[in-house]
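What follows is a single structure, written as structure tokens, with notes after it.
The values are calculated or read from the model by the stated rules, or taken from the named source; none is laboratory data. Since the model is a prediction, treat every value here as computed from it, not as a measurement. All Cβ positions, glycine included, derive from the backbone under ideal geometry; neighbour counts span all protein chains shown. Protein only, heavy atoms only, side chains kept; ligands, DNA and RNA dropped before computing areas. Shrake-Rupley method; radii C 1.70, N 1.55, O 1.52, S 1.80 Å.
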Amino acid sequence: MGNICRSPTAEGVFRQRLRDAGLEHAVHLDSAGTHGYHIGKAPDPRARQAALGRGYDLSGLVGRQVGPHDFDEFDLILAMDQDNMTNLRRLCPPGLEHKLRLFLSFSARFADQEVPDPYYGGPRGFDDVLDMVEDAAEGLLEEIRRRRP
């Protein structure tokens, strides 16, 4: 959908994980929405506040939309939910479907494969998203370590 809550939260958390692991220069990372909502906008203030409360700075992030070049540029393209996955499958060039995964497929603690959109809920939703994203970020970091030569 848009690119102001879940995806930038995941980007901010994972950027920090990469820095902590000394891998920030080894991984190219970006977040994007599957719709054109919020292009050029900063992450939702509630997402920024919740992230900052856990030590993640989302202030430099700007919303953008997934484009055809993303499928060539990135090894993994991660969706937060099935609706976004469906949109990504429609955009994905033939032969590159193997790059698509749900972000929570890397989670060890959360059985549900979808990160819920906190946009229309209260502050607790943004904390719940952070819980899920932090857990999946650890699994994703392990996957990247396994893939590295």
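All of Glu114, Glu143, Glu134 fail the test of being within 13 Å of the chain's Cα centre (by Cα) and either closer than 17 Å to Gln16 by Cα or crowded, with 20+ Cβ neighbours inside 10 Å (or both), apart from Glu134.
Within the range 58-69, the set of residues being touching a residue at least 40 places away in the same chain (Cβ under 8 Å) and of a type outside the set (A, V, I, L, M) comprises Gly63, Arg64, Gln65. Every listed requirement among (1) surrounded by 13 or more Cβ atoms within 10 Å (Cβ to Cβ); (2) of a type in the set (D, E, K, R); (3) assigned to a loop (DSSP other than H, G, I, E, B) is met by Arg109 save one, (1).
Of all residue pairs spaced 6 or more apart or on separate chains, those with beta-carbon atoms under 8 Å, a first member in the range 1-27 that is within 13 Å of Gly63 (Cβ to Cβ) and a second member that is among the β-branched types (Val, Ile, Thr) are Met1/Thr34; Asn3/Ile39; Cys5/Val129; Arg6/Val115; Arg6/Val129; Arg6/Val133; Thr9/Val129; Thr9/Val133. Residues that are open to solvent by 40 Å² or more (accessible area, probe 1.4 Å) and either touching a Cys at 6+ places or on another chain (Cβ under 7 Å) or in contact (Cβ under 8 Å) with a residue 40 or more places away in the chain (or both) within the range 120-131 comprise Pro123, Asp127, listed in sequence order.
Out of everything in the range 5-52 that is in contact with a Ser or Thr (Cβ under 8 Å, 6 or more places away or on another chain) and among the hydroxyl-bearing types (Ser, Thr, Tyr), what residue ends up being nearest to Asp70 (Cα to Cα)?
Checked the range 5-52; the qualifying residue nearest to Asp70 (Cα to Cα) is Ser31.
The set of residues in the range 62-82 that are over 15 Å from Cys5 (Cα atoms) and among the charged types (D, E, K, R) comprises Asp70, Asp72, Glu73, Asp75. Close contacts from the range 81-93, counting a first residue that is under 18 Å from Val115 (Cα atoms) and among the polar types (S, T, N, Q) and a second that is modelled with pLDDT of 95 or more and surrounded by 12 or more Cβ atoms within 10 Å (Cβ to Cβ), with Cβ to Cβ under 6 Å and a gap of 6+ residues or different chains, come to Asn84/Thr34; Asn87/Thr34.
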